[in-house]
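Q: Quick one: the structure is below, and I'll ask about it shortly.
Read-outs: derived from the displayed coordinates by stated rules, not from any lab. Here the structure is a predicted model, which is why all the values come from computation and not from measurement. All Cβ positions, even for glycine, are placed from backbone atoms using ideal geometry, and neighbour counts span all protein chains on display.
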Amino acid sequence: MTAPTFADVQRAAAVLTGVANLTPVQTSRRLDETSKAAVFVKCENFQRVGAFKFRGAYNAVTNRHASKPVVALSSGNHAQGIALACRILRKRAHLVMPEPVNPVKRAAVQEYGGIVHVPADPREAESCARDLVQELRGEWIEAFNDPHVIAGQGTAALELLGQVENLDVLLAPIGGGGLVSGTCLAAHGLNPGIQVYACEPAGALDALYSVQDNRIVPQENPQTIAEGLRTSVGTLTLPVLRNHLAGFFVVEEREIVTAMRFIYERMKLVIEPAAAVAVAPLLRPEPALQHKRVGVIISGGNADVTRYFDELSSEMT
C-alpha cells in the first residue's frame, strides 16, 4: 500500500464536501481555566454516525470497486461508518464485530443496513473477515491501516485548522493511529510548527512502545473502557507517527471517567471514553499545554447510556 500524503488529505476533503458534516468547534471558559490554555474542541461527536470514522470510511469506499461488497472488521465506529457509506453509495457492507460489542454501535450498524457477523471466538475475527472477502469476492477496508482511511480521518484536523487560526498544539486519541496519522499529515501540510500529541490509555499502551521501538508492538489483553483504542498501530500509521508526533500523553482509567463527566457537565456534550482520552491531559493540567492554543479532536459520542436510563426508570417505579 502507498503511504498517504497531505495531497491525499486534500483530495479526501473534496470527496467529503457535502457528504460529511461540517462539525462545530466549541470552547469552555472552565476548560481554559483548568488547563491554563486556550482550548478549541472539534466536535466529531456531531459527525455522521456520531464519530470521525465516517470520514475515512466514506473516502475509502469511494475508492473501491463500485460493484463489489465491502468487508470490514470493527467493534464499532468504523463498522458504522462503512455501513452508512455503503448505504449512501448503494453497496453491500459486511461487518465482522467481535465480542464484546457495544450494543449502541451494533444497533446503529444494522440500522444503516450493514450485515453483522459475530465470530464465536473473538480471536478468530480477522480470519472470519478474510474468509468473507474470499467468499463474497469482496473488498477489505481496514479500520486504520488504509491510505484512504487515513486521508479521510485527516480531514477533521484540516477542517479544524480552517476554523481556528494560529493553533499551537493538536490532541487526538490513538488506537490504530488512523486519526492521529491523518491529523499529523493535515497539520504539518499546513504548518510544520504545529505540535501533535497522541493520547493513549495506560491500559492499552502499545502505540507509545511501537513508536519508541520502531516496530509494531502487538496489543495484548488491553484493559481500558475506551474500547475504540484497543487496537495496535499498523504498517502505514507507524512511520507517520514516528516522523510527525511531538509525543504522547498517557491517561489513566479514572482520568477518562473524569474527563467524560467534565465535558458532559461543563460543555453539555456526550462523548465516548475514547474521546475523553484526548481531553484528560488538559485537566491535569499538562505543563506542555499551558499557555498554548490547543485544538482537541473529540473523536466520537457513541457512549452506551443504557445503565443510566435504566436507573432513572427504576427510580420511577
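Q: Counting just the residues of the stretch 181-222 that are in a helix (DSSP H, G or I) and in contact with a Pro (Cβ under 8 Å, 6 or more places away or on another chain), which one comes out surrounded by the fewest Cβ atoms within 10 Å (Cβ to Cβ)? It would help to see each step written out before you state the result.
A: Of the stretch 181-222, the ones in a helix (DSSP H, G or I) are 181-190, 202-204, 207-213.
Retained after the next criterion (residues that are in contact with a Pro (Cβ under 8 Å, 6 or more places away or on another chain)): 181-182, 185, 203-204.
Details: Ser181: 35, Gly182: 34, Leu185: 28, Gly203: 18, Ala204: 23.
Of everything passing the filter in the stretch 181-222, Gly203 is surrounded by the fewest Cβ atoms within 10 Å (Cβ to Cβ).
Q: Then there's this: List, please: which pairs have Cβ atoms under 8 Å, are six or more places apart or on different chains, and start with a residue in the stretch 1-15 that is over 9 Å from Leu185 (Cβ atoms) and end with one that is hydroxyl-bearing (Ser, Thr, Tyr) and surrounded by 21 or more Cβ atoms within 10 Å (Cβ to Cβ)?
A: Here the result reads Ala12/Thr155; Ala13/Thr155; Val15/Tyr58, each pair linking the stretch 1-15 to a residue that is hydroxyl-bearing (Ser, Thr, Tyr) and surrounded by 21 or more Cβ atoms within 10 Å (Cβ to Cβ).
Q: Determine if the stretch 22-35 includes at least one residue that is free of Cβ contacts under 8 Å to residues at least 24 places away in the same chain and either of a type in the set (A, V, I, L, M) or assigned to a loop (DSSP other than H, G, I, E, B) (or both).
A: Initially, the stretch 22-35 is screened for residues free of Cβ contacts under 8 Å to residues at least 24 places away in the same chain, giving 24, 27, 29, 32-33.
Next, only the ones that are either of a type in the set (A, V, I, L, M) or assigned to a loop (DSSP other than H, G, I, E, B) (or both) stay: 24, 27.
Yes; the residues of the stretch 22-35 include at least one that is free of Cβ contacts under 8 Å to residues at least 24 places away in the same chain and either of a type in the set (A, V, I, L, M) or assigned to a loop (DSSP other than H, G, I, E, B) (or both).
Q: Follow-up. Restricting to the stretch 115-147, and then to whatever is among the small types (Gly, Ala, Ser) and not in a loop (DSSP other than H, G, I, E, B), can you tell me which residue is surrounded by the most Cβ atoms within 10 Å (Cβ to Cβ)? Reasoning before the result, please.
A: Just the residues of the stretch 115-147 that are among the small types (Gly, Ala, Ser), to begin with: 120, 125, 127, 129, 138, 143.
Next cut, not in a loop (DSSP other than H, G, I, E, B) only: 125, 127, 129.
Details: Ala125: 19, Ser127: 12, Ala129: 22.
Only one residue tops the list, namely Ala129.
Q: Further question on the same structure: Looking only at the stretch 71-114, filter to residues that are touching a residue at least 60 places away in the same chain (Cβ under 8 Å) and assigned to a loop (DSSP other than H, G, I, E, B); which one of those is surrounded by the fewest Cβ atoms within 10 Å (Cβ to Cβ)? Before you say what the answer is, go through the steps one by one.
A: From the stretch 71-114, those touching a residue at least 60 places away in the same chain (Cβ under 8 Å) are 71-78, 80, 88, 100, 102-105, 108, 112; that's our starting set.
Cutting the leftovers down to assigned to a loop (DSSP other than H, G, I, E, B) gives us 74-76, 100, 102, 112.
Values: Ser74: 29, Ser75: 23, Gly76: 27, Pro100: 9, Asn102: 19, Tyr112: 21.
Going through the qualifying residues, I end up with Pro100.
Q: Does Glu227 satisfy the criteria of being of a type in the set (Asp, Glu), more than 14 Å from Cys184 (Cβ to Cβ), out of contact with any helix residue (DSSP H, G or I) (no Cβ under 6 Å at 6 or more places or on another chain) and loosely packed, with under 15 Cβ neighbours inside 10 Å?
A: Details: of a type in the set (Asp, Glu): yes; more than 14 Å from Cys184 (Cβ to Cβ): yes; out of contact with any helix residue (DSSP H, G or I) (no Cβ under 6 Å at 6 or more places or on another chain): yes; loosely packed, with under 15 Cβ neighbours inside 10 Å: no.
It is false that Glu227 is of a type in the set (Asp, Glu), more than 14 Å from Cys184 (Cβ to Cβ), out of contact with any helix residue (DSSP H, G or I) (no Cβ under 6 Å at 6 or more places or on another chain) and loosely packed, with under 15 Cβ neighbours inside 10 Å.
Q: Please determine, by comparing only the residues of the stretch 6-44 that are surrounded by 16 or more Cβ atoms within 10 Å (Cβ to Cβ) and of a type in the set (Ser, Thr, Tyr), which one is farthest from the chain's Cα centre (by Cα).
A: Thr34
Q: Residues in the stretch 234-247: is at least one under 18 Å from Ile298 (Cα atoms) and in contact with a Gly (Cβ under 8 Å, 6 or more places away or on another chain)? Even if it seems obvious, please write down each step before you answer.
A: Our first condition is that a residue be under 18 Å from Ile298 (Cα atoms); within the stretch 234-247, this holds for none.
For the stretch 234-247, residues under 18 Å from Ile298 (Cα atoms) and in contact with a Gly (Cβ under 8 Å, 6 or more places away or on another chain): absent.
Q: So, in the stretch 275-289, exactly how many residues are part of a helix (DSSP H, G or I) and either surrounded by 23 or more Cβ atoms within 10 Å (Cβ to Cβ) or in contact with a helix residue (DSSP H, G or I) (Cβ under 7 Å, 6 or more places away or on another chain) (or both)?
A: The initial filter retains those residues of the stretch 275-289 that are part of a helix (DSSP H, G or I), namely 275-283, 287-289.
Right, trim to either surrounded by 23 or more Cβ atoms within 10 Å (Cβ to Cβ) or in contact with a helix residue (DSSP H, G or I) (Cβ under 7 Å, 6 or more places away or on another chain) (or both) and you get 275-283, 289.
Qualifying residue count, the stretch 275-289: 10.
Q: Hey, among Ile297, Ile271, Ile225, which residue is under 21 Å from His78 (Cα atoms), outside any helix (DSSP H, G or I) and in contact with a Pro (Cβ under 7 Å, 6 or more places away or on another chain)? Can you show your working first?
A: Working: Ile297 fails: in contact with a Pro (Cβ under 7 Å, 6 or more places away or on another chain); Ile271 fails: in contact with a Pro (Cβ under 7 Å, 6 or more places away or on another chain).
Unique residue meeting the criteria: Ile225.
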